[in-house]
1. Give the range 60-90 a look and list any residue that's surrounded by fewer than 17 Cβ atoms within 10 Å (Cβ to Cβ) and within 22 Å of Leu167 (Cβ to Cβ), or say none.
2. What number of residues within the range 103-128 satisfy the criterion of being of a type outside the set (S, T, N, Q) and without any contact (Cβ under 8 Å) to a residue 60 or more places away in the chain?
3. Looking only at residues that are β-branched (Val, Ile, Thr) and within 13 Å of Leu39 (Cα to Cα) in the range 154-183, which one is surrounded by the fewest Cβ atoms within 10 Å (Cβ to Cβ)?
4. Looking for something closer than 23 Å to Ala67 by Cα, more than 16 Å from the ligand (Cβ to nearest atom) and among the aliphatic types (A, V, I, L, M) - is there at least one such residue anywhere in the range 157-164?
5. Considering only the range 54-82, state which residues are part of a helix (DSSP H, G or I), out of contact with any Asp or Glu (no Cβ under 7 Å at 6 or more places or on another chain) and within 16 Å of Tyr33 (Cβ to Cβ).
6. What number of residues in the range 88-122 are within 20 Å of Tyr188 (Cβ to Cβ) and within 16 Å of the ligand (Cβ to nearest atom)?
7. Out of everything in the range 50-68 that is in contact with a helix residue (DSSP H, G or I) (Cβ under 7 Å, 6 or more places away or on another chain) and among the small types (Gly, Ala, Ser), what residue ends up being modelled with the lowest pLDDT?
8. Residues in the range 147-165: is at least one under 13 Å from Phe85 (Cα atoms) and part of a helix (DSSP H, G or I)?
Amino acid sequence: MATRIFIDQGHNPTGFHNAGATGNGLLEQDITYQVGIYLADLLNNDPRFEARLSRPTATTVLGTNNATSLAERVRMANEWPAHFFISIHCNANPNPAINGTEIYIFQYGTQSNWLAQHVMDGIVQTVGTRNNGIRENQTFYVLRRTNMPSILVELGYLTNASDAQKLRDNQYGFAYGIYLGILGYFGYSPA
Ligand SMILES: [Zn+2]
């Protein structure tokens, strides 16, 4: 049986509630949408996995406000039910020097933690962002309410010039890095 992976692209399209951060002319929701599409394609072309997306099309809008937008993503994953949940985001900071990849989990020492470590290694090795580590955080709704191991990946900082260039020009690389991380978690080699 294929492992079911739910990919949440984090935000709604521009102009709707729960749109994301901006920086260096980039919109978080556009980057996370496309990285999710690439990742789902990689997984769905690998018979060991089956992937679903929170935003299968660029015009998909989830919920009617921020709270229901988040709840809808969790509901879709729990009802499938997915085996793993990966939420994709881009970070922003008033200080343009801040850069790097962070991955949030609900609790250290869990399967989510091990998956996060592999995904971090995959991203850093593939796109060359800085490893800012795995961080425990119990405030993220999608980490608290999903019934399966879940990670929230902050790919990089839109507000940092070097990260922004990677986020603009190497969206496939971020997806491939996450894919390699998933393979590493399972001890698989690339298909
Ligand atoms: Zn976000």
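The values are calculated or read from the model by the stated rules, or taken from the named source; none is laboratory data. Note that the structure is a prediction, hence the values are computed from the model and not measured. Here the Cβ positions follow ideal geometry from the backbone for every residue, glycine too, while neighbour counts run over all protein chains shown.
1. Within the range 60-90, just Thr60 meets the criteria.
2. Number satisfying all stated conditions: 11.
3. Among them, the one singled out is Ile182.
4. Applying the first criterion (closer than 23 Å to Ala67 by Cα) to the range 157-164 yields none.
Taking every residue of the range 157-164 in turn, none turns out to be closer than 23 Å to Ala67 by Cα, more than 16 Å from the ligand (Cβ to nearest atom) and among the aliphatic types (A, V, I, L, M).
5. Hits for the range 54-82 are Ser69, Glu72, Met76.
6. Of the residues in the range 88-122, 1 are within 20 Å of Tyr188 (Cβ to Cβ) and within 16 Å of the ligand (Cβ to nearest atom).
7. Checking each candidate, the answer is Ala58.
8. Taking the range 147-165 first, the residues under 13 Å from Phe85 (Cα atoms) are 147-153.
Okay, now just the ones that are also part of a helix (DSSP H, G or I), so none.
Checked the range 147-165: no residue is under 13 Å from Phe85 (Cα atoms) and part of a helix (DSSP H, G or I).
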